[in-house]
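So the structure is just underneath, and the comments pick up after that.
The values are calculated or read from the model by the stated rules, or taken from the named source; none is laboratory data. This one's a predicted model, so the numbers in the text were calculated from it and none came from an experiment. We work out accessible area using only protein heavy atoms, side chains counted, and drop any ligands, DNA or RNA first. Shrake-Rupley method; radii C 1.70, N 1.55, O 1.52, S 1.80 Å.
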Amino acid sequence: MSIDVLIADDQALVRAGFRMILEADENLRVVAEAKDGAQAVEAARRTHPDIVLMDIRMPVMDGLEATRRIVAGNDAPHVLMLTTFDLDEYVFDALVAGASGFLLKDVAPEELLAGIHIISRGDSLLSPSVTRRLIASFVRDHPRQPQPPPGLDELTPRELEILQLVARGLSNAEIAEQLVVSNTTIKSHVARVLDKLGLRDRVQAVVLAYETGVIRPGTEP
């Protein structure tokens, strides 16, 4: 089963480079390209891709607003943000808007392909060394939600523990090892946590955990 991908970037050479990398994988198919956020929104509605590779800084409409509009629809694709990291100040807001993760623009081809496959499986591209630090730094400057979101008080003690470990960037396998249970058990716990909180994926769970004080910036496993 092929994975349909939309590439959104204002630089033609960047789009061509990504297309070349993606087309080398027989399971990936580039269904459209867009040179700005507005085109990305229109192309997503027209082609219904599984994944959108979204640059943050684009003319007409930036990747942040485009992401908000794309994930707001029914059967929305997963958005994988492309960033220079040090220069982009809106990655946290993009994750809040519904992006499923991000990669550096100079990522190695094999990492880009692996990231797309991870996102397509419904997982989130979380790098404990980068994403967690990024979210934590931005949360320090964002006021916490005055009231806990619906569903948070419905989590069992074990599910709350799972949420905290997910927020620290641990994978299912790492959580299973720490709690001495099977990967299948952890996968079921994570799915229930996301369902109770009405979240799309693990990235949104990380954001919510920091915003609500379930986990605090700087805390360690």
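Only protein atoms count toward the accessible area here, which uses a 1.4 Å probe; on the range 1-103, the carbon and sulfur part of that area reaches 49 percent.
Average accessible surface for the range 146-221: 51 Å² per residue, computed with a 1.4 Å probe over protein heavy atoms with every protein chain in place. Short version: ³J(HN,Hα) in whole Hz for each residue of the range 56-62, in order, from phi by Karplus 6.51 cos²θ - 1.76 cosθ + 1.60 (θ = phi - 60°), x for Gly and Pro, what are they? In residue order, the calculated couplings are 7, 9, 9, x, 6, 9, 6 Hz. Near residue 30, the amide H atoms lying under 5 Å from its own belong to 5; only residues 5 or more places off or on other chains count, and H is placed 1.01 Å from N. Along its first, second and third principal axes, ordered by size, the range 1-113 spans 33, 32, 22 Å in Cα coordinates.
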